[in-house]
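I have placed the structure first, in the form of structure tokens, so that the comments after it can refer back to it.
The values are calculated or read from the model by the stated rules, or taken from the named source; none is laboratory data. The structure displayed is predicted, hence computed values, not measured ones. Note that each Cβ is placed from the backbone with ideal geometry, even for glycine, and that neighbours are counted across all protein chains shown.
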Amino acid sequence: MDQFFSKFQTRESLRQGPLDIFLDEFVDQLSREGYGIAAARRQIRTIADFSAWLKKNRVFAQQITPVHVEKFLKYMVRKRPLRSTDPSALKRMMAVLHQQGVISNEVVVRLQPTPAEQLRDEFVSYLFKERGLAKSSVLIYQTFVALFLNDRFANGDVLPSALIAADIVSFVRRQALRLQPKRAKLMMTAIRSFLRFLYYRGFVSVDLGVAVPKVISWSMAEIPRAMPVAQVALVLATCNRQIARGRRDYAILLLLSRLGLRAGEVVSLTLDDIDWNASSIKIHGKGSQISKLPLPTDVGEALADYLRNARPQTTRREVFFTVKAPIVALTKQESVGHVVARSLARAGIDTPRKGAHQLRHTLATEMLRQGASLEEIGEILRHQSPQSTMIYAKVDSASLRQLALSWPGGAL
């Protein structure tokens, strides 16, 4: 529990009811499966709420049935919107109880996915297999679609044919009020994609995706937040490469700053992606895109140092792992973001944004200033659309002038 909740009072407040004695095993399972702090906290709080509900209704752990789980979920709907992690957390706890011999396997088997979960899972499969979306994108889509399904079909019956435009507009407007513009845009994209999936699969007779409002924004309105090159050098210099964490963080920071990798691409790296003989590295990018990049000498040396002297002994193929128990592979983009934020703080650098992406922006901006073309930058950053690279022209007025078209009929 300590790794997810630092305050003693918080940990104690979560320990109540008949599930208290099984909570540590539940938390250990979350750690083994590589859940990040935010996702783990949500699931732990769900189990704590369930345990308190069981205590209130005088139900012992040995007496739990699927009916209790269903009643609890309906009870929670009246208190707050259901989260997509609620059902999975409850199923995971039921599995823990079965492993401990507290409940029978029959109870676990009867906890089948709800109709909403089944539809959501079918959509997720469609995104992976037919749309070829990256895992990080699918997770975002899945979260918003689960919220939409729980909002519209909280009673358990899922009838896509009953959806009308007013339902969609109402949900989107309510959610958009609590989200930042970029997040709201992601939410609308996810819901629009889901509604078109329903039409594509024949669940609805019209494409309701057109009913999803659009976020009004200016194209390329924001200049990328790049760091000065000297600050990047300082961040790298402050990594203590005599210890495991420092070796790991140094390798990650070099991948971000020298190759412009996204956080998701860093955690997706496996040992098989590094070709030492050819000095190249395979990158698993957005939309199942696979690219091969040259491996600079300093990046290769940092990776080799980490693999030889800091990476834990394991049969798993992922490159990067945690440095403290429980030892698990880094699978969440947030883990890379934490590495960057921690490194910036250690170097005493305060930036408006503290995520991994600003190092990618820094690489692109510096390449532009050194004379690289936008086409070359787009190739290094693996942009699927030239429009994604165009934003960097705003950093350099000389490059912007090169892109300007002459006025029809000659100069005025």
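If only residues of segment 196-207 that are out of contact with any Pro (no Cβ under 9 Å at 6 or more places or on another chain) and part of a helix (DSSP H, G or I) are counted, the one that is farthest from R131 (Cα to Cα) is Y199. Residues in segment 231-285 that are buried (at least 16 other Cβ atoms within 10 Å of the Cβ) and of a type in the set (D, E) were compared, and the one that is modelled with the lowest pLDDT is E265. If the condition is being more than 16 Å from L253 (Cβ to Cβ) and not in a helix (DSSP H, G or I), then segment 294-310 contributes only P294.
All of V69, V59 fail the test of being farther than 30 Å from H338 by Cα, crowded, with 16+ Cβ neighbours inside 10 Å and in contact with a Lys or Arg (Cβ under 9 Å, 6 or more places away or on another chain), apart from V69.
Being under 25 Å from L139 (Cα atoms), in a helix (DSSP H, G or I) and among the aliphatic types (A, V, I, L, M) is true of L256.
Do the conditions hold for R225, that is, is it assigned to a helix (DSSP H, G or I) and either modelled with pLDDT of 80 or more or basic (K, R) (or both)? Judged against the criteria, R225 is not a match. Against the numbered list (1) without any contact (Cβ under 8 Å) to a residue 40 or more places away in the chain; (2) more than 17 Å from L363 (Cβ to Cβ), L295 comes up short only at (2). Are any residues in segment 165-194 farther than 17 Å from D151 by Cα and assigned to a helix (DSSP H, G or I), and if so, which ones? Scanning segment 165-194 gives P181, K182, R183, K185, L186, T189, S193. If I filter segment 72-82 for residues that are surrounded by fewer than 17 Cβ atoms within 10 Å (Cβ to Cβ), over 17 Å from F26 (Cα atoms), at pLDDT 80 or above and in contact with a helix residue (DSSP H, G or I) (Cβ under 6 Å, 6 or more places away or on another chain), do I get at least one hit? No, every residue in segment 72-82 fails to be surrounded by fewer than 17 Cβ atoms within 10 Å (Cβ to Cβ), over 17 Å from F26 (Cα atoms), at pLDDT 80 or above and in contact with a helix residue (DSSP H, G or I) (Cβ under 6 Å, 6 or more places away or on another chain). In segment 327-336 there is no residue that is assigned to a helix (DSSP H, G or I), surrounded by 13 or more Cβ atoms within 10 Å (Cβ to Cβ) and free of Cβ contacts under 8 Å to residues at least 24 places away in the same chain.
A count restricted to segment 144-164 and to residues that are surrounded by fewer than 18 Cβ atoms within 10 Å (Cβ to Cβ) and outside any loop (DSSP other than H, G, I, E, B) stands at 3. For segment 27-48, filtering for residues that are touching a helix residue (DSSP H, G or I) at 6+ places or on another chain (Cβ under 7 Å) and over 21 Å from S335 (Cβ atoms) leaves 2. Of the helices (runs of 4 or more DSSP H) lying entirely inside segment 347-412, those containing at least 1 residues that are among the small types (G, A, S), touching a helix residue (DSSP H, G or I) at 6+ places or on another chain (Cβ under 7 Å) and modelled with pLDDT of 75 or more are 357-369. Of all residues in segment 105-136 being at pLDDT below 80 and of a type in the set (S, T, N, Q), which is farthest from the chain's Cα centre (by Cα)? Within segment 105-136, the match that is farthest from the chain's Cα centre (by Cα) is N105.
Taking the criterion of being closer than 19 Å to L259 by Cα and touching a Phe, Trp or Tyr at 6+ places or on another chain (Cβ under 6 Å), would at least one residue in segment 341-360 satisfy it? Scanning segment 341-360, I find no residue that is closer than 19 Å to L259 by Cα and touching a Phe, Trp or Tyr at 6+ places or on another chain (Cβ under 6 Å), so the answer is no. Helices (runs of 4 or more DSSP H) fully within segment 1-74 that include at least 3 residues being farther than 21 Å from P326 by Cβ: 8-13, 37-56.
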